[in-house]
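Data block below; observations after.
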């Protein structure tokens, strides 16, 4: 086992990395706006509706993502809905992302003092305007670092999509492992592929966190 | 089907509790290394935490189960799962301890040293009782996450709840029912823990103000 062979493994996993990033990217792009909607609905929607949203969020956070994946991929066919692996994966990851992000967004909005809303309304701003121009810019500054942290976690969790035959990094690694029987180097190559994204990304989040905290 | 799936709950709970216990003990060493006076020890501690956290748990599980078997260390699926989650938990719990340590006045450690307390007494009689209050809500929250992570053990063949649900889904074709049952079971397991964490959190805050 020489280092060149090992790098060969890393290279073979790169197409899987592209798939993992696509899955993560789509789920974040759908999940974050959904989370903002959920956060607002929980606080302003009338009784039965806000309870439903709370239920959706609690299930998304309380049930393991692995089980959510199975529900979409192996569960829905029972009622004659047969999603493709990618559609099932995106649905499960979006649900999970939206649920975790809802809590982050809600607590960021709630951390803005109520007096600001009253001041905005005294200054003649409408409800929508005061949310858009007064609350949102401040809440966003608080919410951005934890949401970026969530994005990194979701990228790591994309490895779970392996169980429903998505050819992301783990699926490629498993295939490579059964082909070469070099399981240890192959899975360490997979670890390196993930770390090569998550370590710089975490460093970036920390630096953004510091920069945003400066002006609070 | 319900009975068959729920029989796996004992393994879900067992994996969660044993890896949590391993993590809680090794976590002390992780927190110790992270706050050590020697720069090189701190560096090693930090690198360890970064490496473990930057790679998905599923990858570590496969490294331990499939990878270590190749170099002669054959673990059963259950052993591999507990070992992997224990190591991962030690890193996260270690960081939680470190956060708790930061809230402690350094003067207390100096005072204990001046009174001639040994390291073990310092840890068990001075540090642990005080930081336990501040860290226990975070520890319970982490434990809930760990319980959900334990579902990953199904991918290497541990016959816990998710594995059993999967078996049922494939043999009966009633996937939705099987996974709804297992999903509800995870929710039921986490609700009391969550309530307990919230209560502990309010309580610890109250005491903190009174002090």
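The values are calculated or read from the model by the stated rules, or taken from the named source; none is laboratory data. In this text, all values refer to a predicted model and were calculated from it rather than measured experimentally. Cβ: placed from backbone, ideal geometry, glycine included. Neighbour counts: every protein chain shown.
Worth pointing out:
- Restricting attention to segment A:142-191, the residues that are surrounded by fewer than 23 Cβ atoms within 10 Å (Cβ to Cβ) and not in a helix (DSSP H, G or I) add up to 4.
- Some residue of segment A:192-199 being surrounded by fewer than 16 Cβ atoms within 10 Å (Cβ to Cβ), in a helix (DSSP H, G or I) and more than 11 Å from chain B (Cβ to nearest Cβ): no
- Being modelled with pLDDT under 90, under 23 Å from residue A:70 (Cβ atoms) and within 14 Å of another protein chain (Cβ to nearest Cβ) is a property that holds for residue B:190.
A quick yes/no check of all residues on (1) over 20 Å from the mean Cα position of the chain (by Cα); (2) modelled with pLDDT under 95; (3) surrounded by 21 or more Cβ atoms within 10 Å (Cβ to Cβ); (4) more than 14 Å from chain A (Cβ to nearest Cβ):
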residue	(1), (2), (3), (4)
B:32	no, yes, no, yes
B:36	yes, yes, no, yes
B:42	yes, no, no, yes
B:55	no, no, yes, no
B:60	no, no, yes, no
B:70	yes, yes, no, no
B:73	yes, yes, no, no
B:84	no, no, yes, no
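- Answer from A:18, A:57, A:10 - the residue that is assigned to a helix (DSSP H, G or I) and closer than 16 Å to residue A:100 by Cα: A:57
- Test: residue in segment B:175-188 that is under 30 Å from residue A:174 (Cα atoms), within 19 Å of the chain's Cα centre (by Cα) and surrounded by 19 or more Cβ atoms within 10 Å (Cβ to Cβ): yes
- Tally of residues being away from chain B (no Cβ under 13 Å) and either in contact with a strand residue (DSSP E or B) (Cβ under 9 Å, 6 or more places away or on another chain) or without any contact (Cβ under 8 Å) to a residue 12 or more places away in the chain (or both) across segment A:71-86: 1
- Test set (1) on the phi < 0 side of the Ramachandran plot; (2) in contact (Cβ under 8 Å) with a residue 40 or more places away in the chain; (3) in contact with a helix residue (DSSP H, G or I) (Cβ under 6 Å, 6 or more places away or on another chain) - residue A:103 fails condition number: (3)
- Odd one out for residue B:89, checked against (1) over 17 Å from the mean Cα position of the chain (by Cα); (2) buried (at least 16 other Cβ atoms within 10 Å of the Cβ); (3) closer than 30 Å to residue B:189 by Cα; (4) in contact (Cβ under 8 Å) with a residue 60 or more places away in the chain: (1)
- Residue match in segment A:123-141 (condition: out of contact with any strand residue (DSSP E or B) (no Cβ under 6 Å at 6 or more places or on another chain), more than 9 Å from chain B (Cβ to nearest Cβ), surrounded by 15 or more Cβ atoms within 10 Å (Cβ to Cβ) and part of a loop (DSSP other than H, G, I, E, B)): yes
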